[in-house]
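Bear in mind that the values in this text are calculations on the coordinates, not laboratory data. Since the model is a prediction, treat every value here as computed from it, not as a measurement. Cβ placement follows ideal geometry from the backbone for every residue including glycine, while neighbour counts extend to all protein chains displayed.
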Amino acid sequence: MNIDFENKTVVVTGGTRGIGAAMVAAFLESGAKVYATGTDIQVLNELNESEKLKSKPIEYLYLDFTSGDSVNGCLEILSKIDRIDVLVNNAGVNKIDTIDEVADEDWDWMNTVNLKGPFLITRTLAKKMKVQNSGRVVNISSIFGVVSKEKRATYSTTKWGLIGLTKAIALDLAPHNILVNVVSPGFVDTELTRRVLGEKGIDELVERIPQLRLANCEEIAKTVLFLTSEHNTYITGQNIIVDGGFTSA
């Protein structure tokens, strides 16, 4: 099955590393023009000036959901693009603490980035997609939006909320040929996973995953590519769990 994004414009938030970078690479390989966001200005400048990427149809934009000026500036840029076919809300943060230790600023930070951010950018780009009478939106949640564990109160709240937001948005936009879905990865081999769990935690976790391994970023990217491609014409409002069987065990 050939997935072709020729003449399509794609926006990926959190697109400089991990799952986001894998999605950016997959969309580029499939022929898309990509706008990817990140929060590290130095990294963004290096990517935009990279000789390897100069020949590719990609532009990296600064977007920090904790800064109103940054959000407004990025949304203004995206609003001026003639057509946007795909939005992937991937940017996310995590910090673990037991409920009695969660700081107010951490609660606000995670809710702003993980939940309010996707709401703000989807609200803006949905208007453009409605005019086009076409579009695809995928939000990246987590298995911790379906199940949870200790020290994940804030993170699970945001990811559960993102699934609910997805389902509601899907109903709003379905009459306009805009399909909205959410992908909930299990444990993926990323910098964030290794920082949160540590090597010992990962070794113990792998024993509980039916496929006996972490997912790789490209496996998540492939799922997103299908959902946002022309091969998906009738799946909307769904939570696609990609976890190697973890939540079924």
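Exactly one residue among 86, 137, 131, 71 is of a type in the set (A, V, I, L, M) and more than 23 Å from residue 176 (Cα to Cα), and that residue is 71.
The single condition from (1) surrounded by 17 or more Cβ atoms within 10 Å (Cβ to Cβ); (2) over 14 Å from the mean Cα position of the chain (by Cα); (3) small (Gly, Ala, Ser) that residue 168 fails is (1). Of the residues making up the range 31-45, those that are of a type in the set (S, T, N, Q) and out of contact with any Ser or Thr (no Cβ under 8 Å at 6 or more places or on another chain) are 39, 42, 45.
Residues in the range 198-249 that are hydroxyl-bearing (Ser, Thr, Tyr), closer than 17 Å to residue 20 by Cβ and free of Cβ contacts under 8 Å to residues at least 60 places away in the same chain: 1 in all.
Residues checked against (1) closer than 26 Å to residue 22 by Cα; (2) of a type in the set (Val, Ile, Thr); (3) touching a residue at least 24 places away in the same chain (Cβ under 8 Å):
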| position | (1), (2), (3) |
| --- | --- |
| 78 | yes, no, yes |
| 99 | no, yes, yes |
| 106 | no, no, yes |
| 133 | no, no, yes |
| 140 | yes, yes, yes |
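Scanning the range 151-188 for residues that are out of contact with any Gly (no Cβ under 7 Å at 6 or more places or on another chain), closer than 15 Å to residue 94 by Cα and not in a helix (DSSP H, G or I) yields 151, 152, 185, 187, 188. Name the residue, out of 26, 32, 22, that is farther than 22 Å from residue 125 by Cα and crowded, with 19+ Cβ neighbours inside 10 Å. One residue alone meets the criteria, 22. Scanning the range 121-130 turns up one or more residues that are closer than 30 Å to residue 174 by Cβ, among the hydroxyl-bearing types (Ser, Thr, Tyr) and out of contact with any Gly (no Cβ under 7 Å at 6 or more places or on another chain).
Yes or no, residue by residue, for (1) closer than 22 Å to residue 9 by Cα; (2) outside any strand (DSSP E or B); (3) of a type outside the set (Lys, Arg):
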{"site": "193", "(1), (2), (3)": "no, yes, yes"}
{"site": "201", "(1), (2), (3)": "no, yes, yes"}
{"site": "209", "(1), (2), (3)": "no, yes, yes"}
{"site": "219", "(1), (2), (3)": "yes, yes, yes"}
{"site": "223", "(1), (2), (3)": "yes, yes, yes"}
{"site": "234", "(1), (2), (3)": "yes, yes, yes"}
{"site": "241", "(1), (2), (3)": "no, no, yes"}
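Quick one: in the range 35-63, which of the residues that are surrounded by 18 or more Cβ atoms within 10 Å (Cβ to Cβ) and aliphatic (A, V, I, L, M) is farthest from the chain's Cα centre (by Cα)? So, considering only residues that are surrounded by 18 or more Cβ atoms within 10 Å (Cβ to Cβ) and aliphatic (A, V, I, L, M), the one farthest from the chain's Cα centre (by Cα) is 47. For the range 151-163, the candidate set comprises residues that are of a type in the set (Lys, Arg) and under 15 Å from residue 185 (Cβ atoms); within that set, the residue that is surrounded by the fewest Cβ atoms within 10 Å (Cβ to Cβ) is 152. All of 32, 91 fail the test of being among the small types (Gly, Ala, Ser), under 30 Å from residue 197 (Cβ atoms) and touching a residue at least 24 places away in the same chain (Cβ under 8 Å), apart from 91.
Of the residues that make up the range 5-19, is at least one of a type in the set (Gly, Ala, Ser), surrounded by fewer than 20 Cβ atoms within 10 Å (Cβ to Cβ) and in contact (Cβ under 8 Å) with a residue 40 or more places away in the chain? Yes, because at least one residue in the range 5-19 is of a type in the set (Gly, Ala, Ser), surrounded by fewer than 20 Cβ atoms within 10 Å (Cβ to Cβ) and in contact (Cβ under 8 Å) with a residue 40 or more places away in the chain. Scanning the range 171-187 for residues that are among the aliphatic types (A, V, I, L, M) and buried (at least 20 other Cβ atoms within 10 Å of the Cβ) gives 173, 178, 179, 180, 182, 183. Exactly one residue out of 31, 15 is within 27 Å of residue 157 (Cβ to Cβ) and part of a loop (DSSP other than H, G, I, E, B), and it is 15.
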